[in-house]
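Undergrad: This structure is in structure tokens; I'll ask about it shortly.
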Amino acid sequence: MVTIAIIGRPNVGKSTLFNRLVGKKLALVDDRPGVTRDRRVGEASLLDLEFEIVDTAGLEEAVDDTLEGRMRAQTERAIDMADLSLFMVDAKSGITPQDQAFGELLRKRGRPVLLVANKSEAKGSDSGFYDSYSLGLGEPVPISAEHGEGMGDLRDAIVGALGEAAFEEEPEAEDEADTALVSIAETDIEFDDDEPIEAYDATKPMRIAIVGRPNAGKSTMINRFLGEDRLLTGPEAGITRDSISVEWEWRGRRVKMFDTAGMRRRAKVQEKLEKLSVADALRAIRFAEVVVVVFDATIPFERQDLSIADLIMREGRAPVIAFNKWDLVEDRQAVLADLREKTERLLPQARGIQAVTVSGETGEGLDRLMQAIMATHETWNKRVSTAKLNKWLERVVAHHPPPAVAGRRVNIKYITQVKSRPPTFMISTTRPEALGTSYTRYLVNGLRETFGLAGVPIRLGLRKPDNPFAGRAKKYT
């Protein structure tokens, strides 16, 4: 597939054009310059063209070892990898010395470039549009990314630069990534020991989100997984703003991993931009299957760490804990024992959760982390036959019957699993409202221990069986 990168100085409308081409508000947009920092990739369509689009950080003149310098290096890497770069300028404010400098940089790199004059609908933009000819990058394409004007001219210019042949479709194998979700459906109840249970498919693509507090080392860890500096990193807290997805393979299995912005406590989040970043991270959690919570091993179990883990369980995602920066820990045995004790005590709702010590800086423990992710994903997809569930239910109810309420027994009839991802069970009982929270917790813990559902959220619903005589009028003789 053709890859096109959008480049330019800060605040010329690159992310706005990116969102328009992908048809979603994926990239964060704000009036202040420098919002985008990492490369974000999306599947774009422009009239009849289908291609991959890359949003990049604003080009700035800065020293290499500064944050702005590292952002520029990421953009330059995107230019080298793309088939075509859309060099965007602001026709409203005109051509700046910064535009001139980066136009010279693009000419020297010798990569295909298309000049795009954004905000051309604004009053007084004509002078800026004609000034852009001075960049020496050919005829500019006037557009308005915000209002969608000039998209037809942009399509023709892209085809003129790359040729029609570049966009001819190639036959592809059907992608099963979108069929991985299991639908919630009514399940017929069959107490049959031979009930077919679909085996776990270890070849299907998997979606993983990496979340945690700011500066916990999330981006560094993902870069180590990929074996390249794909994501912007540094000592500064809060570098990542957008949720960036990267694709790779682990032992032959396709993995889509999402890097997210650091999530601080809600009371400390005041700026609009940070609110947008956190909202983007929450969307990544809901889209993912497995969510890795990155704890800083030197200061673990902060209040926000526990809040994030609890959020993941409530969303029904499969959680895994990564204690990062393990290379900075000195007395490892004592710290490890302390981490185990606190994990069990502070996260009772995720009993048996997989927790792995890693170092994103050195790569230590990353293979063990992926094994933990795969094991948790398999547990999250687990199904149990109705026959086994009801044999189990008979034993646990006989051992500990539900308490009588107002002198009346609560009769539990049967249990069945209605879905997986996460494992969800339904119990039929004569009085759902009388089955207390403590007894429900007893049943959930029993399911977790008996059927190997450690570390994943379990949902247990209660319903009253239908009365076949309901609604019939009484007959008197």
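The values are calculated or read from the model by the stated rules, or taken from the named source; none is laboratory data. In this text, all values refer to a predicted model and were calculated from it rather than measured experimentally. Please note: Cβ atoms are built from the backbone with ideal geometry, for glycine as well, and neighbour counts cover all protein chains shown.
Residue-by-condition table, conditions (1) assigned to a loop (DSSP other than H, G, I, E, B); (2) of a type in the set (Asp, Glu); (3) surrounded by 13 or more Cβ atoms within 10 Å (Cβ to Cβ):
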{"residue": "Lys342", "(1), (2), (3)": "no, no, yes"}
{"residue": "Arg345", "(1), (2), (3)": "no, no, no"}
{"residue": "Leu369", "(1), (2), (3)": "no, no, yes"}
{"residue": "Ala372", "(1), (2), (3)": "no, no, yes"}
{"residue": "Lys382", "(1), (2), (3)": "yes, no, yes"}
{"residue": "Pro403", "(1), (2), (3)": "yes, no, no"}
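For (1) farther than 16 Å from Met221 by Cβ; (2) in contact with a Leu (Cβ under 6 Å, 6 or more places away or on another chain); (3) of a type in the set (S, T, N, Q), each residue gets a yes or a no:
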| residue | (1), (2), (3) |
| --- | --- |
| Ile312 | yes, no, no |
| Trp326 | no, no, no |
| Gln333 | yes, no, yes |
| Arg345 | yes, no, no |
| Gly352 | yes, no, no |
| Ala355 | no, no, no |
| Arg368 | no, no, no |
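Undergrad: Any residue in the range 405-425 that is touching a residue at least 12 places away in the same chain (Cβ under 8 Å) and assigned to a helix (DSSP H, G or I)?
TA: Checked the range 405-425: no residue is touching a residue at least 12 places away in the same chain (Cβ under 8 Å) and assigned to a helix (DSSP H, G or I).
Undergrad: Now for a different question. Restricted to the range 277-336, and to residues that are more than 18 Å from the chain's Cα centre (by Cα) and among the basic types (Lys, Arg), which residue is surrounded by the most Cβ atoms within 10 Å (Cβ to Cβ)?
TA: Of everything passing the filter in the range 277-336, Lys325 is surrounded by the most Cβ atoms within 10 Å (Cβ to Cβ).
Undergrad: Within the range 96-132, work out how many residues are loosely packed, with under 14 Cβ neighbours inside 10 Å, assigned to a helix (DSSP H, G or I) and over 39 Å from the mean Cα position of the chain (by Cα).
TA: Residues that pass the stated criteria total 2.
Undergrad: Restricting to the range 1-18, and then to whatever is at pLDDT 85 or above and either farther than 22 Å from Ser93 by Cα or in contact with a Cys (Cβ under 8 Å, 6 or more places away or on another chain) (or both), can you tell me which residue is surrounded by the most Cβ atoms within 10 Å (Cβ to Cβ)?
TA: Among those that are at pLDDT 85 or above and either farther than 22 Å from Ser93 by Cα or in contact with a Cys (Cβ under 8 Å, 6 or more places away or on another chain) (or both), it is Ala5.
Undergrad: Within the range 135-167, take every residue that is closer than 11 Å to Leu115 by Cβ and more than 35 Å from the chain's Cα centre (by Cα) and give me the one that is surrounded by the most Cβ atoms within 10 Å (Cβ to Cβ).
TA: Pro140
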